[in-house]
Amino acid sequence: MANAMLVILMKTLMILIFTSWVCVWFITPTGIWKKSWRVAEDDAKSTFFGYSGLNFAVYSFPILAVAILGFIYLHLNATDRTSWQGRSAVSKFSMPILIRSPVGVLSGAELLAAALFIVFLAWTFYSRISNDFKKMIPNKSLKLNEWELKVMKVGTRLGSLSEACLALMLLPVLRRLSIFQLLGLQFEASVRYHIWLSNAMMLFSTLHGLITIFIWAVKHQLGNQIKQWQPTGRVNIAGVITLAVGLIIWITSLPPIRRKRFELFYYTHHLYPVFLLFFLFHGGDRHFYAVLGGVLLFALDRILRLIQSSQVTCLISARILPCKAIELTLPKHPGTKYQPTSIIFIKIPCISSLEWHPFSITSSSSLDKDTISVVVKCQGRWTNQLYNKIDAPIDSDNGLLMCVPVAVEGPYGPASLDYQRYDGLILIAGGIGITPFISILREFASKSANNKSFTVGSLQLIYVVKKPQDLSMLNSIWPLLLDPPTTGEQVHVQLKVFVTQEDRSSDIRVKDQLLSEVKMVSFDTTNSHSNCTISGPESLLWMATIVAFSTVTFFVFLLILNHAFLRPETQTSKKKNPSWVSDLLILWSFVIAIVCSALATVLLRWRKEKSEIHVASPKQDKGMERHSIEEKGTMVEPEIHLGERPDFQGLLSDFSMQTEGSNIGVLVCGPESMQESVASACRRYSHKFNMDGRKRKPSFSYNSLSFSL
């Protein structure tokens, strides 16, 4: 009862704080707020906290407070299965509304959030520009006429819109400190929000820069204005550098360049510290407080990931599949737990010392105590180099390949197992998109073997591939499909396979692919790296603590440095503090907070590793062993379709009839065209039952997963 009350309290506080923060952003452009804010800042200057404390409390602290309370909420709510009932209403907003939009499938919740953000941008621009046009304050240095001044004001206000996008832009790419977990979104799914916000920010920033440069050129002041580093106000040269760096990052992240030159995209994306630094000097400390919350969370997230990834482990074994895919097995600390559909980021220094690549986890922490597995499909330069290295001839005396050092970030995954709340579950996978579903099937097998209850009674796996050899991706879970555990509750599993580029007379060869032999490769684990195991991220409570510690540290040092280096300003004083001094004080406070947090995290991990020494075992879990067809007394034949594509609406209809109108979850992971087809089928089928007016209609919940390879 006490835990439930705390959960409700945390949730209420988060909603109140976030709503207040959003309201502040909406009323900031109004004239009433500007007048009140000037009075509040003047009053705050005479206090111990100063105007910096006021700006930090109003604009930066709310998003940090939501993160702190959110991690506590997720910790308290981790085992609360009663909350699933309250999410049935939320699942209605996850149904696809727009199917073939320029940005992919859009749900009702995404459309509502996008519409509100567009309204906010339009309102901000209108409110600011209307106030500017009412009070046309002439520019003394440029001597602009009326139309030039209006154009200049338009450019300036477009810059304020890019600031609003930047305030949210870094939040979707947080991994450990992701507050999107509160919405049930994983890192891979929220990345597209980062892309949308980044495109909007660069559009407004580019227009802001071009309009400003155009006015400078008209007045023949382009060279003089670009080189200026004003003692107070906006620093022009810093703005030019910010725009140039932003354009480099944006251009190299466009899909054609990102797909063909991933290394270029990856390296230029790490110019973001330069972008943020010069944005601080260009906009000034008051404007930087608007984006500080997201920047601080992002920096903490990067530090936590860097600390974990500094520890290198070693591959235990690999299984080379006929479809030119590799299942890698790494050592894991037994205490490291993760949810199905989680991902890890892997770096292999012998291939690239800088590149990190995400992969969906195919193992289950409940079934595989000491190991963690991922499947890598060889489709690019990095993955092909990995394949060639593992498929190399064994030249050691003990018949083992040399140790392959690996650095790991993660696992990162959902905060809860929401898919278990359904009565029926349809998993639709295309190609490498099967990997997140392998972990779900293994988790079900583990729960059944351990007599644990779950609500899912029927599960249908629909796997669509181009060629028969791609079916070897099912090799690791084939024993579970053929011979499920006989203890505990049972889930009725159906397997439907569609091989789109195969003749219908090749049925026997397709079945051979399902049971094909795989090449097993073991690695020499006598290297010192093999003693290191994947220990996983810190706990949710530690994340809440480290965010709170960083917030307090930043604020305390900001006040100390302000009192030490800034002279008091009054309305009658003629001398003002240079803008760059306040900017440097924010920067130093920020660096001190991050360094202190990093030291605290290193100390925690050192004490944890000292008290829990675990040496990795090269033995495989029994769940990874391959069973042959002869070992089975009975076998459930998979339904194989050759040379045809699945009719998703018909499949949904058949499954609905089997479950008799139950609550059905539809998870899809595969190419964008497949996701669009499944989303369209879900929407049409739900609309069909609404038109029929049946009393008991199936409740479909659509969710797409982004696969990592």
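The values are calculated or read from the model by the stated rules, or taken from the named source; none is laboratory data. Keep in mind it's a predicted model, so treat the numbers as computed, not measured. When we count neighbours, we look across all protein chains shown, and the Cβ atoms used for this are built from the backbone with ideal geometry, even at glycine. Heads up: the accessible areas ignore ligands, DNA and RNA and are worked out on the full protein's heavy atoms, side chains in. Shrake-Rupley method; radii C 1.70, N 1.55, O 1.52, S 1.80 Å.
Could you go through region 412-424 and let me know if any residue there is open to solvent by 10 Å² or more (accessible area, probe 1.4 Å), modelled with pLDDT of 75 or more and part of a strand (DSSP E or B). Yes, region 412-424 contains a residue that is open to solvent by 10 Å² or more (accessible area, probe 1.4 Å), modelled with pLDDT of 75 or more and part of a strand (DSSP E or B).
Checking each residue in region 191-204 for being crowded, with 19+ Cβ neighbours inside 10 Å and modelled with pLDDT under 90 picks out no residue at all. Filtering region 59-76 for residues that are of a type outside the set (A, V, I, L, M, F, W, C), under 27 Å from the mean Cα position of the chain (by Cα) and open to solvent by 70 Å² or more (accessible area, probe 1.4 Å) leaves a non-empty set. Residue 287 passes every criterion in (1) within 24 Å of residue 68 (Cα to Cα); (2) in a loop (DSSP other than H, G, I, E, B); (3) open to solvent by 40 Å² or more (accessible area, probe 1.4 Å) apart from (2).
Hey, among 296, 280, which residue is more than 24 Å from the chain's Cα centre (by Cα), open to solvent by less than 10 Å² (accessible area, probe 1.4 Å) and within 27 Å of residue 68 (Cβ to Cβ)? Explain how you work it out, then say what you get.
Values: 296 fails: more than 24 Å from the chain's Cα centre (by Cα).
Step by step, each of 296, 280 is checked, and only 280 is more than 24 Å from the chain's Cα centre (by Cα), open to solvent by less than 10 Å² (accessible area, probe 1.4 Å) and within 27 Å of residue 68 (Cβ to Cβ).
Close contacts from region 242-263, counting a first residue that is without any contact (Cβ under 8 Å) to a residue 40 or more places away in the chain and polar (S, T, N, Q) and a second that is in a helix (DSSP H, G or I) and open to solvent by 50 Å² or more (accessible area, probe 1.4 Å), with Cβ to Cβ under 9 Å and a gap of 6+ residues or different chains, come to 252/258; 252/264; 252/267; 252/269.
Within region 316-347, the residues that satisfy the criterion of being more than 25 Å from the chain's Cα centre (by Cα) and more than 21 Å from residue 432 (Cα to Cα) are 316, 334. The C-beta contact set for region 207-223 (first residue of a type in the set (Phe, Trp, Tyr), second residue open to solvent by 60 Å² or more (accessible area, probe 1.4 Å), distance under 9 angstrom, 6+ apart or interchain) comprises 216/222; 216/224.
The set of residues in region 103-122 that are among the β-branched types (Val, Ile, Thr) and surrounded by 14 or more Cβ atoms within 10 Å (Cβ to Cβ) contains only 105. Checked against the criterion of being assigned to a loop (DSSP other than H, G, I, E, B) and open to solvent by less than 10 Å² (accessible area, probe 1.4 Å), the candidates 373, 360, 365 yield just one match: 365.
For region 590-597, the criterion of a residue being at pLDDT 60 or above and closer than 22 Å to residue 438 by Cβ is satisfied by no position. Consider region 534-575 and keep the residues that are at pLDDT 75 or above and assigned to a loop (DSSP other than H, G, I, E, B). The one that is nearest to residue 71 (Cα to Cα) is 539. Going by the structure shown, is residue 195 farther than 20 Å from residue 233 by Cα, free of Cβ contacts under 8 Å to residues at least 60 places away in the same chain and part of a helix (DSSP H, G or I)? Against the criterion (farther than 20 Å from residue 233 by Cα, free of Cβ contacts under 8 Å to residues at least 60 places away in the same chain and part of a helix (DSSP H, G or I)), residue 195 qualifies. Close contacts from region 588-612, counting a first residue that is in a loop (DSSP other than H, G, I, E, B) and a second that is modelled with pLDDT under 95 and surrounded by fewer than 18 Cβ atoms within 10 Å (Cβ to Cβ), with Cβ to Cβ under 8 Å and a gap of 6+ residues or different chains, come to 612/335. If you check residue 500 against the conditions, is it over 31 Å from the mean Cα position of the chain (by Cα) and modelled with pLDDT of 85 or more? Against the criterion (over 31 Å from the mean Cα position of the chain (by Cα) and modelled with pLDDT of 85 or more), residue 500 qualifies. Taking first residues from region 18-43 that are of a type in the set (A, V, I, L, M) and partners that are surrounded by 15 or more Cβ atoms within 10 Å (Cβ to Cβ) and in a helix (DSSP H, G or I), the Cβ contacts under 7 Å between residues at least 6 apart in sequence or on separate chains come to 24/58; 27/33; 40/54.
Residue-wise test of (1) at pLDDT below 90; (2) of a type outside the set (A, V, I, L, M); (3) closer than 30 Å to residue 149 by Cβ; (4) out of contact with any Gly (no Cβ under 8 Å at 6 or more places or on another chain).
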position: 213; (1), (2), (3), (4): no, no, yes, yes
position: 218; (1), (2), (3), (4): yes, no, yes, yes
position: 245; (1), (2), (3), (4): no, no, yes, yes
position: 259; (1), (2), (3), (4): yes, yes, no, yes
position: 263; (1), (2), (3), (4): yes, yes, no, yes
position: 282; (1), (2), (3), (4): no, yes, yes, no
position: 289; (1), (2), (3), (4): no, yes, yes, yes
position: 293; (1), (2), (3), (4): no, yes, no, yes
position: 303; (1), (2), (3), (4): no, no, no, yes
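Of the set (1) surrounded by 14 or more Cβ atoms within 10 Å (Cβ to Cβ); (2) assigned to a loop (DSSP other than H, G, I, E, B); (3) in contact (Cβ under 8 Å) with a residue 24 or more places away in the chain, all apply to residue 228 but (3). The residue pairs whose first member lies in region 662-683 and is surrounded by fewer than 19 Cβ atoms within 10 Å (Cβ to Cβ), whose second member is at pLDDT 85 or above, and whose beta carbons are closer than 6 Å, counting only pairs six or more residues apart or on different chains, are 671/430.
In region 155-190, the qualifying residues are those that are more than 20 Å from residue 60 (Cβ to Cβ) and small (Gly, Ala, Ser), and the one that is most open to solvent (accessible area, probe 1.4 Å) is 184.
Selection of region 254-284 for residues being part of a helix (DSSP H, G or I) and either closer than 18 Å to residue 228 by Cα or touching a Phe, Trp or Tyr at 6+ places or on another chain (Cβ under 7 Å) (or both) yields 257, 258, 277, 278, 279, 280, 281, 282, 283.
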